[in-house]
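Right, one structure below, let's go through it.
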Amino acid sequence: MVYMFQLVCLTCGQICGDISVANCPHDGGVLDLRYDSDEFPLQPQLPGIWRYASQLPLTDAKHIVSLGEGDTPLLKSAQLGSDIGLPRLYFKNEGLNPTGSYKDRIASVGITYLRQLGRGAWAATSSGNAGASLAAYGARAAVDGYLFTLERAPRAKIAQILAYGPRVMSVKRLGYDPVAEQATWANIAALCAANEWLMLITARSNSPHAMEGAKTIAYEVSQQMQGEAPDVVYVPVGGGGLLSSIWKGFKEWRRAGKIARLPRMVAVQPMGCDPITQAWGASRPVEPLEDCSSAVSGIILTSPPDGDLVLGDLRESEGWALSIADEVTYAAQAELASCEGLFVEPAAAVVWAAVKADLLSGRLKGDETVVGILTGIGFKDGAALQKMTDDKPLPMIEAGEILHISPS
Ligand SMILES: [Zn+2]
């Protein structure tokens, strides 16, 4: 079989001949997917993100598992941007993917890759969004799934996963205890090796092939801006794989000659669980945190698997990292809904809070073109939704009272 891509170790630079491995067999380094050609022949006849198949790890189109992921809208801010003096603010609404988050791009590539390798099942950890995506694409491909969720994962996210039918287990202390986190990952890897399953963790350091799906966000943003790259891109960061993949996508798009320059990348983390922001501020590698005091599900990882990749990407792109307090995030979530019509989960709302903070502090001047990646839809986190709307009045009235309503 001829592959149009290679796995190259980012540590030692060696090419890895076995496309089924997750890490470099020599030193455990992160594997980077490189393609035979920098050209981008689009394949519009293929579904979803597979129109970019020439830059995805596909061996035969018959393996493609798609639910129509990608091609999400890039919306110019209707009000919030001009309110703060940033007229060229855009939001990439990833909540419009088939299961409500950008993770569908990753699951589409991951489950397709699983079929290419002839594996019988997938296994993963997730706080919810990746689990829902893998479960949906796994159901579509009729393969079994085993999902190990965080102890504090939101109930609404778990309910969505259960609906697709995989085996779901909640792991004690997973999500706020680095020891439980590392033991879980090591044991899932061993379980997968014993059964010839595919481990799909949404991190470049664990599933470099599946993560290629996330870089298509950069391709789409560049296309939607008519070949102009944004000046700054704000990305919610938990594990770090999304930011790192989007940065890779922009670099590939430029190498193909489709944009003239690259954006600066900004990592946005939740205060109280921000090991990457802390490392960035102290100019040192990422160190796991002892505990996590943020409740912003989806981006609370004490030991981010792609944390050091993100630090490298921020340096390379001349970007930065910042953290947002949970209460500020919830306020940002409410503003996006009431001022922009964008109903997103708190993990997505951090980007708007961060843009505002950077404009107030002077880090943004106001003349930049800024894109915020809104990673998931508001239905994902029922508790946060409740919190956002708890103080809204909902009076019970008689039909006759309708005539007495005066315009507000
Ligand atoms: Zn290596």
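Here, each number is a calculation from the coordinates, and none is a lab measurement. This one's a predicted model, so the numbers in the text were calculated from it and none came from an experiment. Don't worry about glycine lacking a Cβ; one is built from the backbone with ideal geometry, like all the others, and counts go over all protein chains shown.
With Cα atoms defining each centre, the stretch 34-83 and the stretch 197-257 are spaced 11 Å apart in the structure.
Of the cross-linked pairs Lys172/Lys387; Lys92/Lys172; Lys103/Lys215, those separated by over 23 Å at the C-alpha level are Lys172/Lys387; Lys92/Lys172. Could you work out how far helix 129-141 tilts from the main Cα principal axis of the chain, as a 0 to 90 degree angle to the nearest 10? It works out to around 60 degrees. Counting only residues at least eight positions apart within a chain, or on another chain, the aspartates and glutamates with an alpha carbon under 20 Å from that of Lys62 are Asp104, Asp144, Glu212.
If only the Cβ of Lys and Arg carry +1 and only the Cβ of Asp and Glu carry -1, the dipole of the stretch 114-220 around its Cα centre is close to 180 debye.
Backbone geometry of the stretch 314-320 corresponds, through the Karplus equation with coefficients 6.51, -1.76 and 1.60 at θ = phi - 60°, to 3J(HN,Hα) couplings of 5, 4, 4, 8, 6, x, 7 Hz, x marking Gly and Pro. Along the Cα-to-C-beta direction of Ser82, a point sits 7 Å from the Cα; which residues of the stretch 324-360 have their amide N less than 12 Å from that point? Hits in the stretch 324-360 for Ser82 at 12 Å: none. For the chain, a crude dipole built from +1 on the beta carbon of Lys and Arg and -1 on the beta carbon of Asp and Glu, taken about the Cα centre, is about 640 debye to the nearest 20. Scanning residues 5 or more positions from Gly376 or on other chains, those with amide H under 5 Å from its amide H are Gly95, Glu345, Ala348, with H placed 1.01 Å from N in the peptide plane. Nearest 10 degrees is fine. How inclined is helix 346-361 to the longest principal axis of the chain, computing both from alpha carbons? The angle comes out near 70 degrees. Counting Lys and Arg as +1 and Asp and Glu as -1 over every other residue whose Cβ lies under 13 Å from the Cβ of Ala61, the net charge comes to +2.
Over all Cα atoms in the chain, the spread is summed up by Rg and Dmax: 20.9, 77 Å. For the stretch 186-201, the Karplus equation 6.51 cos²θ - 1.76 cosθ + 1.60, evaluated at θ = phi - 60°, returns couplings of 5, 6, 5, 4, 5, 4, 5, 5, 5, 10, 6, 9, 10, 7, 10, 9 Hz by residue, with Gly and Pro reported as x. Here the calculated FRET efficiency for Glu196 and Ser406, from their Cβ-Cβ distance with R0 = 51 Å, stands at 0.15, rounded to the nearest 0.05.
Residue by residue, the stretch 323-333 carries 3J(HN,Hα) couplings of 10, 10, 5, 3, 5, 5, 5, 5, 5, 5, 4 Hz when phi is fed to the Karplus relation 6.51 cos²θ - 1.76 cosθ + 1.60 (θ = phi - 60°); x denotes Gly or Pro. Once the Cβ-Cβ distance of Arg284 and Ala260 is raised to the sixth power relative to R0 = 25 Å, the FRET efficiency obtained is 0.15. Antiparallel beta bridges, as assigned by DSSP with both residues in the chain, represent about 30 percent of the total such bridges.
What the Cβ-Cβ distance of Asp60 and Glu228 gives, at R0 = 30 Å and to the nearest 0.05, is a FRET efficiency of 0.30.
Each of the GluC sites (Glu not before Pro) that DSSP puts in a loop and that has at most 11 other Cβ atoms within 10 Å breaks the chain; the longest unbroken stretch is 40-289. The sum of -39500 (n - 2.57) across all DSSP H runs of n ≥ 4, divided by the residue count of the chain, sets its helix-only mean residue ellipticity at 222 nm to -11000 deg cm²/dmol.
Once a ≥ b ≥ c are taken as the square roots of the eigenvalues of the Cα gyration tensor of the stretch 1-89, is the result rounded (a/c under 1.5), prolate (a/b larger than b/c) or oblate (a/b not larger than b/c)? Oblate.
Taking the number of Cβ atoms within 10 Å of each Cβ as an exposure proxy, the fewest-first ranking of Val370, Val8, Val351 is Val8, Val370, Val351. Counted over the stretch 316-408 with a bin width of 5 Å, the fraction of Cα pairs per bin, in whole percents, is 3, 11, 19, 19, 14, 11, 10, 6, 4, 3, 1, 1, 0. Straight-distance candidates among the aspartates and glutamates for linking to Lys76, with alpha-carbon spacing under 18 Å and chain neighbours fewer than 8 residues away dropped: Glu94, Glu220, Glu228, Asp231, Glu335, Glu340, Asp367, Glu368.
For the stretch 31-190, just say rounded, prolate or oblate: build the C-alpha gyration tensor, square-root its eigenvalues into a ≥ b ≥ c, call rounded for a/c under 1.5, and beyond that prolate if a/b exceeds b/c, oblate if not.
Taking the square roots of the gyration eigenvalues as a ≥ b ≥ c, the stretch 31-190 is oblate.
Dipole orientation for the stretch 278-408: of the candidates Val310, Ala383, Gly362, Gly362 has the Cα lying most toward the positive pole (charges on Cβ; Lys, Arg +1; Asp, Glu -1).
Comparing mean-square fluctuations of Asp104, Asp358, Asp18 from a GNM of the chain with C-alpha springs under 10 Å, the top value falls on Asp18.
Could you work out the percent of alpha carbon pairs in the stretch 74-149 separated by over 18 Å, rounded to a whole number?
More than 18 Å apart: 50 percent of the Cα pairs in the stretch 74-149.
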